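First the structure, in the form of structure tokens, and then the observations on it.
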Amino acid sequence: MADTRAVRSGEQLEWPRLIAWLRERLPACEIPGLDVTREPEVAQFPGGHSNLTYLIRFGDAEIVVRRPPFGPVPPTAHDMAREYRWLSAMHRVFPAAPRPYLLCEDKEVIGSVFYAMERRCGLVVRADEPPAVAEPAARRRVSEALITTLASLHAIDVGANGLGGLGKPAGFVERQVRGWTDRWHRSQTTPLAEMDALAAWLLQRLPPDANPPGIVHGDFKLDNVMLDEHDVGRVVAVLDWEMSALGDPLVDLGILLAYWAPTAPPLERDALTTVTHRPGYFTRDEIVEHYAARSTRDLSNIRFYEICAVFKIAVVIQQIYFRYVQGQTTDERFATFDARVAFLARQAATLASLA
């Protein structure tokens, strides 16, 4: 469990109840190497700033458990039951989606809804690159693998695979803009004129529902993709399906572009810090070109989707900062997130001025 850490203070679960619940139900999932009679090992995945992810080992089987952050959360956010349903559907048609095992909607077990899923093993690129990735040729292969995987996801025939019941694609982008604007207003801690101007700018320039609807991952970025440790040009998993939807897939391309650029002031380095400025990673234009070569979608308005994504990221970070200010989390990583929100707002405003 080298990529995990001891569970952070304040993020311990009700281990006896959780372990008992898993022991009773996991055997029916027919998981190789599972031995629920063994005393489990427990750890936490340290990455991420939102949902909490734990690793529980029973014998030779490793089980991943996902739950929302502690404390009050925004309405409709951190919906573990929704993420479980999406993974259940996507696992059948998209090999990079991990298999979910169990969903628990009984909050008496650990205090929240949670689900258990398979553990995929591989490399995740965050602020520090694994040695296998840290040279230009490997970075180029990683870049191409991301674009190929994203285009493959967007090429899934929703109707032919019985996925139409997962959402309502009509008006998806407008709902995104209005929804994230509302979240901004509800989590705002100080006035920020750029964010209010961006919300208005996006509403005034909503694209028509021209692109054929498809699967939208909702948070497709470098550190939500797991690479084969022996072949970094192969994606073994796409993680974090909480924001998945049916809609305009170019929202995903906008998110990838937004995270490809810096999301924090230059001197700050953590899991949100980009490494994609290093030699070998695709440039922004190369990302668009490679996606266009693998897709029939119209990319003429891609700048809108990129600006929308930067706005959304700013709101996500503001929501985390709001929880910190309200004392709903004591994680000191979040203490300076207000500066990140301001940084992103300026970045999106600059992009909008060039659009």
Discussion item. So if I check each of Ala309, Ala345, Ala264, which one is in contact (Cβ under 8 Å) with a residue 60 or more places away in the chain and not in a loop (DSSP other than H, G, I, E, B)?
Written reply: Ala345
Item to complete: Among the residues of region 1-59, write down those that are acidic (Asp, Glu) and either in contact (Cβ under 8 Å) with a residue 40 or more places away in the chain or assigned to a loop (DSSP other than H, G, I, E, B) (or both).
Response: Asp3, Glu11, Glu14, Glu30, Asp35, Glu39, Glu41
Practice prompt. Return the residue satisfying two criteria in turn: it lies in region 20-45 and is farther than 27 Å from Met226 by Cα and among the β-branched types (Val, Ile, Thr), and of such residues it is surrounded by the fewest Cβ atoms within 10 Å (Cβ to Cβ).
Written response: Thr37
Item to complete: Keeping to region 165-177, report how many residues are in contact (Cβ under 8 Å) with a residue 60 or more places away in the chain and under 14 Å from Arg92 (Cβ atoms).
Response: 1
Worksheet item: Looking at this structure, is Val232 modelled with pLDDT of 95 or more and within 15 Å of the chain's Cα centre (by Cα)?
Response: no
Discussion item. Would you confirm whether or not region 324-331 contains a residue that is in a helix (DSSP H, G or I), crowded, with 22+ Cβ neighbours inside 10 Å, of a type in the set (A, V, I, L, M) and in contact (Cβ under 8 Å) with a residue 60 or more places away in the chain?
Written reply: no
Discussion item. Kindly evaluate Arg303 against the criterion of being among the basic types (Lys, Arg), within 29 Å of Pro136 (Cα to Cα) and part of a helix (DSSP H, G or I).
Written reply: yes
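The values are calculated or read from the model by the stated rules, or taken from the named source; none is laboratory data. Quick caveat, the model's predicted, so the values are computed rather than measured. With ideal geometry, Cβ positions are generated from the backbone for all residues, glycine too; neighbour counts draw on all protein chains shown.
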